[in-house]
Amino acid sequence: METLLEQQRRYHEERERLEEAMAQEKLLKKPVLKERINSDHRVDQYLRRYQECTDTLHDLYEDNDGLRKKEIAALSGPNELAEFYTRLRHIRDWHRKFPNEVQEPMQYEFLKMKESGEDDSAPVVFTDEEGYGKYLDLHECYRKFINLKFTEKVDYVTYLKNIDRLFDIPKEKKSPEYRRYLEGLLDYLMDYCQRVFPLTDLAAEFERVQVEFEEKWEGGTFQGWQKDAESAMAKQSGAHLDLSAFSSSEELASLGLDRLKSALQALGLKCGGTLDQRAQRLFAAKDNQVDGAAAAATSTKGGRSAAQKQKSLASLEAKVYYLFEVLGEQRLDTCENVERRQARTADELEEDAQAADALDSDDSDDDESTPYNPKNLPLGWDGKPIPYWLYKLHGLNMTYECEICGNFKYRGPKAFQRHFSEWRHAHGMRCLGIPNTAHFANVTSIDDAQKLWNRLKGSKEKLRWMPDADEEFEDSSGNVVNKKTFEDLQRQGLL
């Protein structure tokens, strides 16, 4: 029987060997995406095993049952030699009973793990459409999206380009079917992210996203769920008035027209008329105030329940926004791959299918070899470098750098013009606090974007309605003056 101290020693050894295995795994060069993903999954398995060993060691050192303390006392007590020979006799008896039992050291176990990790076995499964972590397979989510009642019937490429523009959908149309679509999209993105980036702690990232979402939600600035319209409705709904403190309509009339109008709106009554008519109408509703207050409380409770549902739906959207920021490169590659496949003819598709069957039947590693590409030309759909004349024709020999995108370089004018509407540039503009509108087209410098934004804000201030200067009044003589001049003349008695 293995002692507790021997168990502790074995767990410490296992932790050290796991640390060494993770370090060796991270030092390996992984030029291919498949190798990088498989390596990350192996490191993830090592981390999980390391955590299990740590938890077990923690329980052993806690010694809640007192067995470890008892064992140390037996080894360090006055009869330590008797304890030693007793354990030695148990070991000999066990080997005499099982003479052919072979116990492999832990070193052999890790050598076998290293050998099994170097083969072509894949610890994770991807669909053919996903290309082993290179593309997204959103066909199922696309079918659910086009079956929603309020959506337009768009093609798959358009859906991929606008899939994260959830804030363009009016919140009045976000029905339970939309929630089920959003949950399905979030489940797929989380599963895909865990397969491609297994070392990412999604739970911790979602906690950070939730904190940021709570701040924006409380401030009414979360995109797609602004509270401007709701606050305007709240101002129009009126405020309740305790009528039990008033004994006549004359006392109510002392509150003024505006306060009586607000109280009548809160009770759902007609709010027009003179001051006395409003006071009499409100005083007549004194007996029905209890029923009105109960109805208002019920309405408030229902409003809170609806607000909680809207908040949970917006929280799901915040998580989807974060995952699409993480998977921005895969999403862009998916759009390009779908467009490239749609532009191919039936003969080319048939040739590709035959070539794929030939590669599957061939056991050689020719597909892993790097094609001869001395000019570092982009690869075409067949995996070979494109012709040099086509490379020059599309301007791929020119690179454009964008400071807003973190000094990211784009190859060719087409990719440069397209990036202004993509996630990386939009994220950089959002970090600067500037809206990504058409005014900032072809602006790549942070300083130029900020100066242009300040100039646009100044022009908007000039165009804003100024009552003192823009509101016009006419005096008794027919002269038209602005509000400020009219009030000055009125105070001086010149009108």
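The values are calculated or read from the model by the stated rules, or taken from the named source; none is laboratory data. If you're wondering where the values come from, they're calculated on a predicted model, not measured in any experiment. Positions of Cβ are backbone-derived with ideal geometry, glycine not excepted, and every protein chain shown enters the neighbour counts.
Computed quantities for the displayed model
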| read-out | value |
| --- | --- |
| Exclusive hit being in contact with an Asp or Glu (Cβ under 9 Å, 6 or more places away or on another chain) and part of a loop (DSSP other than H, G, I, E, B), set GLY406, GLY428, GLY383 | GLY383 |
| Residues of segment 88-102 satisfying the condition of being without any contact (Cβ under 8 Å) to a residue 12 or more places away in the chain and part of a helix (DSSP H, G or I) | LEU88, ARG89, ILE91, ARG92, ASP93, TRP94, HIS95, ARG96, LYS97 |
| Residue within segment 449-471 that is among the aliphatic types (A, V, I, L, M) and at pLDDT 90 or above present | yes |
| Residues that are surrounded by 10 or more Cβ atoms within 10 Å (Cβ to Cβ), at pLDDT 80 or above and not acidic (Asp, Glu), drawn from segment 481-495 | VAL481, ASN482, LYS483, LYS484, THR485, PHE486, LEU489, GLN490 |
| The lone exception for GLY395 - which of (1) of a type outside the set (Phe, Trp, Tyr); (2) in contact with a His (Cβ under 7 Å, 6 or more places away or on another chain); (3) not in a helix (DSSP H, G or I) it fails | (2) |
| Subset of segment 470-495 [in contact with an Asp or Glu (Cβ under 7 Å, 6 or more places away or on another chain) and not hydrophobic (A, V, I, L, M, F, W, C)] | ASN482, LYS483, LYS484 |
| Residue that is modelled with the lowest pLDDT, among those in segment 206-229 that are closer than 30 Å to LYS261 by Cβ and exposed (fewer than 12 other Cβ atoms within 10 Å of the Cβ) | ALA229 |
| Scan of segment 395-419 for residues that are crowded, with 16+ Cβ neighbours inside 10 Å and either outside the structural domain of ILE446 (by TED's automatic domain parsing) or out of contact with any strand residue (DSSP E or B) (no Cβ under 7 Å at 6 or more places or on another chain) (or both), ordered by number | ILE404, CYS405, GLY412, ALA415 |
| Considering residues of segment 307-332 that are surrounded by fewer than 19 Cβ atoms within 10 Å (Cβ to Cβ) and of a type in the set (Asp, Glu) only, the residue nearest to LEU166 (Cα to Cα) | GLU325 |
| Residue that is among the charged types (D, E, K, R), within 18 Å of the chain's Cα centre (by Cα) and surrounded by 12 or more Cβ atoms within 10 Å (Cβ to Cβ), where the choices are LYS114, LYS161 | LYS161 |
| Filtered residue count, segment 50-82, keeping only those that are loosely packed, with under 15 Cβ neighbours inside 10 Å and either outside the structural domain of GLU16 (by TED's automatic domain parsing) or of a type in the set (D, E, K, R) (or both) | 9 |
| Residue identified as surrounded by fewer than 16 Cβ atoms within 10 Å (Cβ to Cβ) and assigned to a helix (DSSP H, G or I) among ARG10, ARG42, ARG17 | ARG10 |
| Flag for PRO198 being touching a His at 6+ places or on another chain (Cβ under 6 Å), surrounded by 13 or more Cβ atoms within 10 Å (Cβ to Cβ), farther than 19 Å from GLU329 by Cβ and in contact (Cβ under 8 Å) with a residue 24 or more places away in the chain | no |
